Each structure stands twice: as structure tokens, then as C-alpha cells.
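A short worksheet on the structure shown next.
The values are calculated or read from the model by the stated rules, or taken from the named source; none is laboratory data. It should be emphasised that the depicted structure is a prediction, and the values quoted were computed from it without experimental measurement. Neighbour counts run over all protein chains shown; Cβ positions are idealised from the backbone, glycine included.
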Amino acid sequence: MRIFDPHIHMTSRTTDDYEAMRAAGVRALVEPSFWLGQPRTSPESFFDYFDSLLGWEPFRAAQYGIAHHCTLALNPKEANDPRCTPVLDELPRYLVKDSVVAVGEIGYDSMTPAEDHALAAQLQLAAEHELPALVHTPHRDKAAGLKRTIDVVRESNLPPEYVALDHLNETTVRDAADSGCWLGFSIYPDTKMDPPRMVKILQAHGTGRMLVNSAADWGRSDPLKTREVGDAMLAAGFTEDDVDQVLWRNPVAFYGQSGRLDLDSVAAEDTPATHEGNSILRGGE
């Protein structure tokens, strides 16, 4: 089973996670920029973070034979902080980087006017750079948040097939599917979606335009949930080809619209041992 996790925050994870993901079949991933839990106090902290997603994390992933790409944006939560909004002016210089395959995460957290502005502005940046957009639907008042998101997408210059609506569930999947956008589902240990519920959605709505991710971050989450979904699909009677479509070909098709995916096999032994003089090893020679 080959797996492409289209939404996982490896900055928050350990090298043990990379090793376990490789053993489970993960061969590629996309890491969206997001809120780190501790509020940032200046745009410069974003830029250091963006640089790590363009340099250090691809290096770490390559040590385990995993291709790493990223999406960059001003996230919805921090779009409300005027200390952070100057990031919008600097994003264009990052969106031209080779390993940036979408603008994201963008969308809504509390559905404020500031979030309206940031979402519309970043959808426009995605259209100008011919990049897809990874859109975070809110965790509270999901139905209203999704409707508002779809309205903003329809008003933008970005075609719906370039948009992935993430963090969906049973209450939002139908409206999201009717929008023409791609459908993203985050599989979590306790909240959001779980593998049995994901299988039921796939049985009801098919495997087209479906993106299954772990969204693993600094909270209670699990970077192997994509593999659990694949195993649950097989147990429920889906074919290996169905699993390959959901866990590999769909994310390749969505992010491939950027023209920047590089999924050639990454051999750990062929990668540099250090990045800017630093390695993932501790102690010894």
C-alpha cells in the first residue's frame, strides 16, 4: 500500500514518526503551514517557519525516503491578529518556491471580517500563482462555516477543482461535493473523523475527489491514521485499486495541478547527511 498524506504537520512530530510512517507505506506528504499553539508576535516568526518547511523538514523527510512538499499561508486563527497580517504582503515571494504546491491552510476559524479578508486575498494569490488552495473549514458551526466558505470560493477567480475543503464530516460532505471542490477528511483518535466513519462516507459518496489525511500535529493525533483507513477500506470490501486511488492517486491529482510535485523515489542513502551543517543524529561520530 502506497500512501500520500495530503495534510500532516511534521514540524510537530518526531523522527520516530517518520520511521513508522515509512514502514506503514507513506512515501509522500504535504505539510501545510498552520497555527503552532503559541501565538506569533511578528511576521518574521512566520518567515522563519516558512523557511523550515522549505528546507529542514524536506531534509528530515528525505532521511526516511519520504517526499515532502508544503503549502504556505496566513492561517485563519492568526488572520485576526494585526501583528501577523503583514504576512499577506510577503507571501508572493514564498509562493514561487518549487516545493510549494498550494496556498494553505486558509479559511475560517471564528468567521470574522478579518478572516473574510484573509481568505479572499489568499484565494486571489492562489489564482495569480496558478496554485491550488487548501481550505480549513471551521471546527465550530461547521454547516454555516462551509456555506460561507463556498460562497467566497465562488466569488473568487480560483476554479473549484483547485480547492480542497478540509476537515469535513457527515454533516458537510454533501454540500462540499455539490460545490465541485475536492473533499478533505482528517482522521483523528478522538475527534473529527475515524476510519469506520470514513469508510461509510466512501461507501455512500464514492472515491472520486476524496482526500484522506491524518492532519497530525502537536495535539492528540496519529500520523498512521491514513494507513488505518486503507486497512479499513480493504476489510469493508474495497479493492486495492480503490485504496490506491484514495490514498495516492487523488492527492497526486489535486496537488499535481501545481505542476510542482516531485514524487521520484527518495532513497535515504542518497540524501545529504546534513542540512546547513545539522543532522538528525545526536551523539557519536
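I need the full set of residues from segment 127-137 which are in contact with a strand residue (DSSP E or B) (Cβ under 7 Å, 6 or more places away or on another chain) and either within 17 Å of residue 115 (Cβ to Cβ) or assigned to a helix (DSSP H, G or I) (or both), in order please.
Within segment 127-137, the first condition is being in contact with a strand residue (DSSP E or B) (Cβ under 7 Å, 6 or more places away or on another chain), and the residues that meet it are 131-137.
Scanning segment 127-137 gives 133, 134, 135, 136, 137.
Confirm whether residue 91 is within 21 Å of residue 259 (Cβ to Cβ) and either of a type outside the set (Ser, Thr, Tyr) or surrounded by fewer than 17 Cβ atoms within 10 Å (Cβ to Cβ) (or both). Give the steps one after another, and end with the answer.
Working: within 21 Å of residue 259 (Cβ to Cβ): yes; either of a type outside the set (Ser, Thr, Tyr) or surrounded by fewer than 17 Cβ atoms within 10 Å (Cβ to Cβ) (or both): yes.
Answer is yes for this residue.
Residues checked against (1) over 20 Å from residue 135 (Cα atoms); (2) at pLDDT below 95:
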{"residue": "25", "(1), (2)": "yes, no"}
{"residue": "30", "(1), (2)": "no, no"}
{"residue": "35", "(1), (2)": "no, yes"}
{"residue": "51", "(1), (2)": "yes, no"}
{"residue": "59", "(1), (2)": "yes, yes"}
{"residue": "67", "(1), (2)": "yes, no"}
{"residue": "82", "(1), (2)": "yes, no"}
{"residue": "89", "(1), (2)": "no, no"}
{"residue": "93", "(1), (2)": "yes, no"}
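Is it the case that segment 29-51 has a residue that's over 26 Å from residue 86 (Cα atoms) and either surrounded by 21 or more Cβ atoms within 10 Å (Cβ to Cβ) or in contact (Cβ under 8 Å) with a residue 24 or more places away in the chain (or both)? There is at least one residue in segment 29-51 that is over 26 Å from residue 86 (Cα atoms) and either surrounded by 21 or more Cβ atoms within 10 Å (Cβ to Cβ) or in contact (Cβ under 8 Å) with a residue 24 or more places away in the chain (or both).
Here residue 137 clears all of (1) touching a helix residue (DSSP H, G or I) at 6+ places or on another chain (Cβ under 6 Å); (2) surrounded by 14 or more Cβ atoms within 10 Å (Cβ to Cβ); (3) over 23 Å from residue 205 (Cβ atoms) except the condition numbered (3).
Look through 126, 79 and report the one residue that is closer than 21 Å to residue 159 by Cα and among the aliphatic types (A, V, I, L, M).
Numbers: 79 fails: closer than 21 Å to residue 159 by Cα.
Matching residue, one of 126, 79: 126.
Please report, ordered by residue number, the helices (runs of 4 or more DSSP H) entirely within segment 175-268 with at least 1 residues that are surrounded by fewer than 18 Cβ atoms within 10 Å (Cβ to Cβ) and in contact with a Phe, Trp or Tyr (Cβ under 7 Å, 6 or more places away or on another chain).
Working: elements: 195-205, 225-235, 240-244, 250-255.
Qualifying helices (runs of 4 or more DSSP H): 250-255.
Just one of the listed residues (120, 79) is of a type in the set (Gly, Ala, Ser) and surrounded by fewer than 19 Cβ atoms within 10 Å (Cβ to Cβ), namely 120. For beta carbons closer than 9 Å, sequence separation of 6+ or different chains, a first residue in segment 223-246 that is under 21 Å from residue 192 (Cβ atoms) and a second that is of a type in the set (Phe, Trp, Tyr), the qualifying pairs are 223/18; 225/188; 226/4; 229/185; 230/238; 232/238; 246/238. The conditions of being in contact with a Ser or Thr (Cβ under 7 Å, 6 or more places away or on another chain) and without any contact (Cβ under 8 Å) to a residue 40 or more places away in the chain are not met by residue 131. Kindly indicate whether any position in segment 98-109 is closer than 13 Å to residue 32 by Cβ, assigned to a loop (DSSP other than H, G, I, E, B) and touching a strand residue (DSSP E or B) at 6+ places or on another chain (Cβ under 7 Å). Looking through segment 98-109, at least one residue is closer than 13 Å to residue 32 by Cβ, assigned to a loop (DSSP other than H, G, I, E, B) and touching a strand residue (DSSP E or B) at 6+ places or on another chain (Cβ under 7 Å).
Name the pairs whose Cβ atoms lie under 6 Å apart, with the first residue in segment 2-21 and within 19 Å of residue 244 (Cβ to Cβ) and touching a residue at least 40 places away in the same chain (Cβ under 8 Å), the second basic (Lys, Arg) and in a strand (DSSP E or B), and 6 or more positions between them or separate chains? These pairs meet every condition: 2/27. Kindly indicate whether any position in segment 155-170 is part of a loop (DSSP other than H, G, I, E, B), buried (at least 24 other Cβ atoms within 10 Å of the Cβ) and under 14 Å from the mean Cα position of the chain (by Cα). Yes: one or more hits. Considered as a group, the residues in segment 1-53 that are more than 17 Å from residue 101 (Cβ to Cβ) and small (Gly, Ala, Ser) include one that is nearest to the chain's Cα centre (by Cα), and that residue is 12.
The set of residues in segment 49-87 being within 26 Å of residue 256 (Cα to Cα) and charged (D, E, K, R) consists of 51, 57, 60.
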